[in-house]
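Colleague: Okay, here's the structure, questions in a sec.
The values are calculated or read from the model by the stated rules, or taken from the named source; none is laboratory data. Just so it is clear, the model here is predicted, and its values are computed rather than measured. Positions of Cβ are backbone-derived with ideal geometry, glycine not excepted, and every protein chain shown enters the neighbour counts.
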Amino acid sequence: SIVYLNGDFIPASEARISPMDRGFLFGDGIYEVIPSYHGRFVGFKPHIARMQDGLAQLSIDPALNLNDWQAICQRLLTDNQHFNGDNQAVYIQVSRGTDTKRNHAFPANIKATVFAYAFPIAAEPVADKSKATTYNVVTGQDLRWQRCHIKSTSLLGNVLHYQQGYASGAQEILLFDKDDNLTEGAAVNVFVIKNGVIATPPLTTKLLPGITRLLLLNILRKHSNIKVEERDISEQEVFAADEIWLTSSSKEIAPVLKVNEHTVGTGEVGDVWLAAQQLFSAHKY
Ligand code: PDD
């Protein structure tokens, strides 16, 4: 496959990054994952805006604007389509760059390292109960840091939580803060539905501002009369929910059927999910 590295499009087998890169030594960088179906990106602008925001918070400036990113990402889709097929995501990683020594302080005058590649993803999710990919999850205390709103490449906290869920036989983990309020999953945002009302935790430094979350909230508010709330959600509410959904760029909206030993609602994919996924499929571009 063809990848982008620091201005060049080159075969993946030829891409080289120094072990002195701060992305490798410190996890000092920002990443992004943008899905596309049949050559069209979902949420391209908000994905790039979130990345620019994260980079600005870390004072990393790769000197690329929205048009530059558009050109890089579109070319990766085109150049890799024969290899990956019609449904591809682009992964972007920008690190602070490569230094000559390992030093915690930001080095002066180094150039950011910019890497991007395209990889195949599953077919576009469809609004059909019998075709939904469903999840079983467990719960746990959120032990990550206090800057979870930054899409940092330092993902050890998320990796350990994901593995915690996986080791318990689940495919994700719902995380709760010290006050027992829901934050998010290891790699997803979370929605809880009760009596036809959709709720999701508000944007704070405790969770990633997911683009799927953003698009879904905007679509529900614009194209439906379903009540949508951004508010704190207790652990008790999670166990009593009629439906629970996980959202991410690769999953879109995925129903959860089990939390620990509890069955969620009827134990089947819900009607509110069907309505939401229909609206999302119709308006996400
Ligand atoms: N994960 N929360 C966390 C901690 C995440 O890592 C992600 C995305 C999300 C959902 O965000 P979005 O809707 O923008 O994909 C929420 C990506 C896909 C990953 O790490 O691969």
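Colleague: Determine, yes or no, whether His149 is touching a helix residue (DSSP H, G or I) at 6+ places or on another chain (Cβ under 8 Å) and modelled with pLDDT of 95 or more.
Modeller: no
Colleague: Name the pairs whose Cβ atoms lie under 8 Å apart, with the first residue in the stretch 185-207 and at positive phi, the second away from the ligand (no atom under 12 Å from the Cβ) and outside any loop (DSSP other than H, G, I, E, B), and 6 or more positions between them or separate chains?
Modeller: Gly196/Val272
Colleague: Go through the residues of the stretch 71-87 one by one and say whether even a single one is small (Gly, Ala, Ser) and either over 22 Å from Tyr37 (Cβ atoms) or in contact (Cβ under 8 Å) with a residue 40 or more places away in the chain (or both).
Modeller: No, there is no match, as no residue in the stretch 71-87 is small (Gly, Ala, Ser) and either over 22 Å from Tyr37 (Cβ atoms) or in contact (Cβ under 8 Å) with a residue 40 or more places away in the chain (or both).
Colleague: Considering the stretch 110-156 alone, what residues qualify as being touching an Asp or Glu at 6+ places or on another chain (Cβ under 7 Å), under 27 Å from Asn87 (Cβ atoms) and not hydroxyl-bearing (Ser, Thr, Tyr)?
Modeller: The answer is Pro125, Val137, Lys151.
Colleague: More than 18 Å from Val256 (Cβ to Cβ) and charged (D, E, K, R): is that true of Lys206 in this structure?
Modeller: Spelling it out, Lys206 is indeed more than 18 Å from Val256 (Cβ to Cβ) and charged (D, E, K, R).
Colleague: With the structure loaded, tell me whether Phe115 is of a type in the set (A, V, I, L, M, F, W, C) and touching a Ser or Thr at 6+ places or on another chain (Cβ under 6 Å) or whether it fails that test.
Modeller: For Phe115, the condition - of a type in the set (A, V, I, L, M, F, W, C) and touching a Ser or Thr at 6+ places or on another chain (Cβ under 6 Å) - is not met.
Colleague: List pairs: first residue in the stretch 217-231 and assigned by TED's automatic domain parsing to the domain that holds Val192, second residue among the basic types (Lys, Arg) and surrounded by fewer than 15 Cβ atoms within 10 Å (Cβ to Cβ) anywhere in the structure, Cβ distance under 8 angstrom, at least six positions apart or on different chains.
Modeller: Val228/Arg221
Colleague: Kindly indicate which of Thr100, Thr183, Thr153, Thr200 is among the β-branched types (Val, Ile, Thr) and away from the ligand (no atom under 15 Å from the Cβ).
Modeller: Going through Thr100, Thr183, Thr153, Thr200 in turn, the sole match is Thr100.
Colleague: While we're here: Output yes when any residue across the stretch 226-246 is under 26 Å from Leu156 (Cβ atoms), in a helix (DSSP H, G or I) and within 14 Å of the ligand (Cβ to nearest atom), and no when none is.
Modeller: No, the stretch 226-246 contains no residue that is under 26 Å from Leu156 (Cβ atoms), in a helix (DSSP H, G or I) and within 14 Å of the ligand (Cβ to nearest atom).
Colleague: Working carefully through the options Gln236, Gln278, find the one that is polar (S, T, N, Q), farther than 22 Å from Glu32 by Cβ and over 23 Å from the mean Cα position of the chain (by Cα).
Modeller: Within the list Gln236, Gln278, the selection yields Gln236.
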